[in-house]
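First the structure, in the form of structure tokens, and then the observations on it.
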Number of protein chains: 2
Amino acid sequence: MKGYAIALLLLSSHCYAQTADGFHPASSNALDAQYPKVDSNSRVEIRFKAPDASKVKLNFWSGPKVDMEKQADGFWTVTTPPMAPGLHYYVINVDGAEVSDPGSTAYFGGSKWASAVEVPEAGVDYYQPKDVPHGQVREIWYHSSVTDSWRHALVYLPPDYDSAKTRYPVLYLQHGGGEDESGWIRQGKANFILDNLIAGGSTKPMIIVMANGYATRAGYVVPDMSGTAFGSPEFMKVMQERMGAFEDDVTQALIPFIDKTFRTVPDREHRAMAGLSMGGMQTFQVTFDHLDLFSYIGGFSGAGGMMMMRSGEKPDLKTAFNGALADPATFQKRVHLLWIGVGTNEPERMKAGLENLHASLDDGKIQHVFYESPGTDHEWQTWRRDLKDFAPRLFQSSNNTAAAR
Amino acid sequence: MKGYAIALLLLSSHCYAQTADGFHPASSNALDAQYPKVDSNSRVEIRFKAPDASKVKLNFWSGPKVDMEKQADGFWTVTTPPMAPGLHYYVINVDGAEVSDPGSTAYFGGSKWASAVEVPEAGVDYYQPKDVPHGQVREIWYHSSVTDSWRHALVYLPPDYDSAKTRYPVLYLQHGGGEDESGWIRQGKANFILDNLIAGGSTKPMIIVMANGYATRAGYVVPDMSGTAFGSPEFMKVMQERMGAFEDDVTQALIPFIDKTFRTVPDREHRAMAGLSMGGMQTFQVTFDHLDLFSYIGGFSGAGGMMMMRSGEKPDLKTAFNGALADPATFQKRVHLLWIGVGTNEPERMKAGLENLHASLDDGKIQHVFYESPGTDHEWQTWRRDLKDFAPRLFQSSNNTAAAR
């Protein structure tokens, strides 16, 4: 009952006092839910009803893992120490069952609809809806001949899309593993980030396409992955099959559909791709296999292919990415932006791949941006900051600043 | 342990045999989740991991409530009897904690992100994505002076919206109590229903606006509703405040925003409103208070205002709805369609309001459509059928068949 004592310590010192003193329902809560609550010191209070349970634990994926304490009313409660800003996924463990908190909005993460709590970042509002023109997010369905299925994607259109009648460059922006195409809007607030950046004048109005990162070729049957460990050979085999299918779906089905459906500038000079974690790895695979289609590349806490992320070694630029990084001058003519980023508080194994790539790129004199998000983990606050730094750098090259046709 | 015996009975007879024999993962499952499963006899198999729990129950909101049986691997399982077609909400009770099933997509219902399982209806595909032109669903944010907040809504645009350049009539379509603006797309498949109806030629291309049905006037603080019983005086007071705020938001903020943002025909002849359950009650309140704005009205398993639904008495048409139903001839000039519907398997207390209204309308010789969905409960299959019957009747009146300007 060690955890019980920890929870007791947390609770007895300040829980109820703080509830009356500065705790407010989190902005990430479901309709009218009073819990989770957050206070001005970024402490989080969770409350969960389980009257007959014998043990209830609160596990933040990147944060505290603590036992909750049973109250007389059948609710279990706990208050965390101060947490980093941003949206933190968590799970409640009820007598061995890992479940979501009914008080939270459901965010798709970890291959399920997970709970998360939004801890505000003091003095920061770049991802809040503000009194500026708002773009729209459209849901689209396109039929993919690669997968032989109807696929769902989200498309952000800049605020002036319906009135300006011009053509726009396109950023393809991918979610992480276990998440889906809703992530960049629901968790990432990408639409509000772009609304605010565009209103501020620093960023070119652009279309953002958020595709579902899981694709299977027609006829391929996904094996039952329950019990398959993340990163295991079986897992990697399925991932590689899916990444190949995704690459074909993006280049053969999605891009043609987008260019047909929206007023895009349909060339490589006006097409970017970025993604987080798994989406960053997909970005590097798709873009370096298709430099005829893309000229801006971003890897947010993920880049360089699956193997590179795990090898612990610096990539050999002479051979990596089809040799696209072998010669700085040639590279610079083809790629207008190579951007990689990582949170300083991410686990070492996650940082290693990015840092090795950064070091190799420096060694090879390949121009790139390496961004470190201070104090954030492998979580959405890192990726919101990434997008805020990345987006203003897009479509600004001298050879593509000509007015969209 | 009565429920335990029921579960045992269900399981011992066919559970594992059926799993190998015709059970498939439900279309409503989360990414790659193998359970829930459904077989061709509409039986549902649920599997839930809770290794240390002492009791796990499966409760369908409108369906079986059974104990689950613990297996040696720490999973609890149960297979239901054959169920009605459609999407069925359910909750797992783990030692008193009511939680969602990680295997299910999360649908917003019951004021939380709930689980549900889709049971196919044999021979029916009107709500499936088919090889027809697909409309888009747009997310919009509008600033409401009523609520002094940014509000989120979904807008379905017909397949030819971007190419045809004409103006379209608009249907405002509301979700039920405890649901939100995502319900008609996620649960209801309204976009696919309209795609298919429009492709079949029976239904006029139209815009559908799905607003969030919860509004609070600027400055109003929503009281903590936890522990407040559905339908209690406190509950009704809050609901009435919110319905008034919603009415003002729709008529003063949303409609002007929609007419400014999209190519609508902005008059009463080309504006309809419908909703399910709470949304039907809201529809009757909003439309009969504003017959200057609407001429088509639909109540799906909900109509006639909150009080009428509960009184058990037939409404007095001379006084109800501002007297709009007092005279058939006057009514028919103003309202082109009054449509009410209910599922034959809905609870009596839910059917009573609709049936009383239907009887009163008949007595008063008020032309209307009364639709009964055979064999379905207060659930989404009823409302999908409602929309399929309702939508083709819209915007067909002789006085509004002129080409949209």
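Remark: the range B:193-199, residue by residue, has Karplus-estimated 3J(HN,Hα) of 4, 5, 3, 6, 5, 5, 4 Hz, where x stands for each Gly or Pro and the curve is 6.51 cos²θ - 1.76 cosθ + 1.60 at θ = phi - 60°.
What number comes out for the charge environment of A:Ser202, summing +1 per Lys or Arg and -1 per Asp or Glu over other residues with Cβ under 14 Å away? Local net charge: +1. Amide H contacts for B:Thr376 (H built 1.01 Å from N in the peptide plane; partners 5 or more residues away or on another chain; cut-off under 5 Å): B:Thr344, B:Asn345. Annotation: amide H of A:Ser104 within the under-5 Å range of A:Ala30, sequence separation 5 or more or interchain, hydrogens built in the peptide plane.
Straight-line cross-link reach from B:Lys388 at under 14 Å between alpha-carbon atoms covers these aspartates and glutamates, not counting any fewer than eight positions away in the same chain: B:Asp125, B:Asp195, B:Glu372. Here the protein assembly as shown carries DSSP beta bridges of which approximately 65% are antiparallel, counting only pairs with both residues inside. Here the sum of -39500 (n - 2.57) over DSSP H runs of 4 or more residues, divided by the residues of chain A, equals -8500 deg cm²/dmol at 222 nm, to the nearest 500. Karplus-derived 3J(HN,Hα) values for the range B:86-99, using 6.51 cos²θ - 1.76 cosθ + 1.60 with θ = phi - 60°, are x, 9, 10, 5, 8, 9, 9, 9, 10, 6, x, 8, 8, 10 Hz; glycine and proline are entered as x. Two-decimal Rg/Rh of chain B from alpha-carbon positions, Kirkwood Rh? Here Rg/Rh amounts to 0.99. Take B:Trp61, push a point 7 Å out from Cα through the beta-carbon direction, and compare it with the same point in every other copy: 2.7 nm, smallest first. Per residue, the average separation of C-alpha pairs within less than 8 Å and at least 6 apart gives chain B a relative contact order of 13 percent. Of all lysines in the structure, the ones whose alpha carbon falls short of 25 Å from that of B:Lys165, not counting any fewer than 8 places away in one chain, are A:Lys165, A:Lys260, B:Lys130, B:Lys204, B:Lys260. Distance from the C-alpha centroid of the range A:160-212 to that of the range B:168-228: 24 Å, rounded to the whole angstrom.
What size of dipole, in debye to the nearest 20, comes out for the range B:18-119 about its Cα centre when the only charges are +1 on Lys and Arg C-beta atoms and -1 on Asp and Glu C-beta atoms?
Details: 9 positive and 12 negative charges, 41 e Å.
That gives a dipole near 200 debye.
Applying the Karplus relation 6.51 cos²θ - 1.76 cosθ + 1.60 with θ = phi - 60° to the range A:66-77 yields 3J(HN,Hα) values of 9, 6, 9, 10, 6, 9, 5, 8, x, 8, 10, 9 Hz, where x marks Gly and Pro. Sorting A:Thr79, B:Thr344 by solvent-accessible area of protein heavy atoms yields B:Thr344, A:Thr79, largest first, with a 1.4 Å probe. Taking Cα atoms, how many degrees apart are the long axis of helix A:233-248 and the longest axis of chain A, rounded to 10 and kept between 0 and 90? Approximately 50 degrees, to the nearest ten. Around the amide H of A:Ser149, modelled in the peptide plane, lie the amide H atoms of A:Ser144, all under 5 Å away and 5 or more residues distant in sequence or on another chain. From the alpha carbon centroid of the range B:86-111 to that of the range B:365-392 is 26 Å.
Helix B:2-20 versus the longest principal axis of chain B: what is the Cα-based angle in degrees, 0 to 90, to the nearest 10? With rounding to tens, the tilt is 90 degrees. Here A:Phe230 yields copy-to-copy label distances, from shortest upward, of 3.6 nm, the label point defined as 7 Å from Cα along Cα to C-beta. Sparsely packed loop sites in the range A:160-223 (the chymotrypsin sites (Phe, Trp or Tyr not before Pro) outside DSSP H, G, I, E and B with at most 14 other Cβ atoms within 10 Å) comprise A:Tyr220.
The values are calculated or read from the model by the stated rules, or taken from the named source; none is laboratory data. As the structure is a computational prediction, the values presented were derived from the model and not from experiment. With ideal geometry, Cβ positions are generated from the backbone for all residues, glycine too; neighbour counts draw on all protein chains shown. Heads up: the accessible areas ignore ligands, DNA and RNA and are worked out on the full protein's heavy atoms, side chains in. Shrake-Rupley method; radii C 1.70, N 1.55, O 1.52, S 1.80 Å.
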